[in-house]
Amino acid sequence: MLRAEDSPARLFAALGDATRLGLIGRLSDGGERSIVQLGDGLPISRQAVAKHLDILLGAGLVRRTKSGREVLFTLRPEVFVEARDWFDKVGSQWDGTLGRFRDFIENQP
């Protein structure tokens, strides 16, 4: 289950930026990448990449590890599975609500 610090609102806010979505895309192969590797070819500074990664880290979307002097980032795919489960739950609630509304409309005299 999504923890309070990994709430859907925080998660979706973190994903609401094109640069951060791009960083998620670069990590989606499951590999580890440094800030330098993640920023390669982006039109922003290394410091800006680090700030975006801090937001993703705060939302629980990435994991940070140290290897010697290098800081590496990896994607936390389990958080995306949990978010998908949350979408499924909300979707089924809406399906139920819309079904009840349809029944109400269809049964009006």
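The values are calculated or read from the model by the stated rules, or taken from the named source; none is laboratory data. None of these values were measured; they are calculated from a predicted model. Every residue, glycine among them, receives a Cβ derived from its backbone with ideal geometry; neighbour counts consider all protein chains shown.
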By residue number, the members of segment 45-72 that are part of a helix (DSSP H, G or I) and of a type in the set (Asp, Glu) are ASP54
Which listed residue is surrounded by 15 or more Cβ atoms within 10 Å (Cβ to Cβ), among the charged types (D, E, K, R) and within 25 Å of ALA9 (Cα to Cα), from ARG76, ARG84: ARG76
Quick check: anything in segment 87-95 of a type outside the set (A, V, I, L, M, F, W, C), surrounded by 14 or more Cβ atoms within 10 Å (Cβ to Cβ) and either in a helix (DSSP H, G or I) or in contact with a helix residue (DSSP H, G or I) (Cβ under 7 Å, 6 or more places away or on another chain) (or both)? no
Can SER45 be described as modelled with pLDDT under 95, among the polar types (S, T, N, Q) and surrounded by fewer than 18 Cβ atoms within 10 Å (Cβ to Cβ)? no
Within segment 59-104, track down each residue that is more than 24 Å from GLY16 (Cβ to Cβ), of a type in the set (A, V, I, L, M) and either at pLDDT 85 or above or in contact with a Phe, Trp or Tyr (Cβ under 7 Å, 6 or more places away or on another chain) (or both). VAL71, LEU72
Filter segment 34-67 down to residues that are charged (D, E, K, R) and without any contact (Cβ under 8 Å) to a residue 12 or more places away in the chain and give me whichever is farthest from ILE24 (Cα to Cα). LYS66
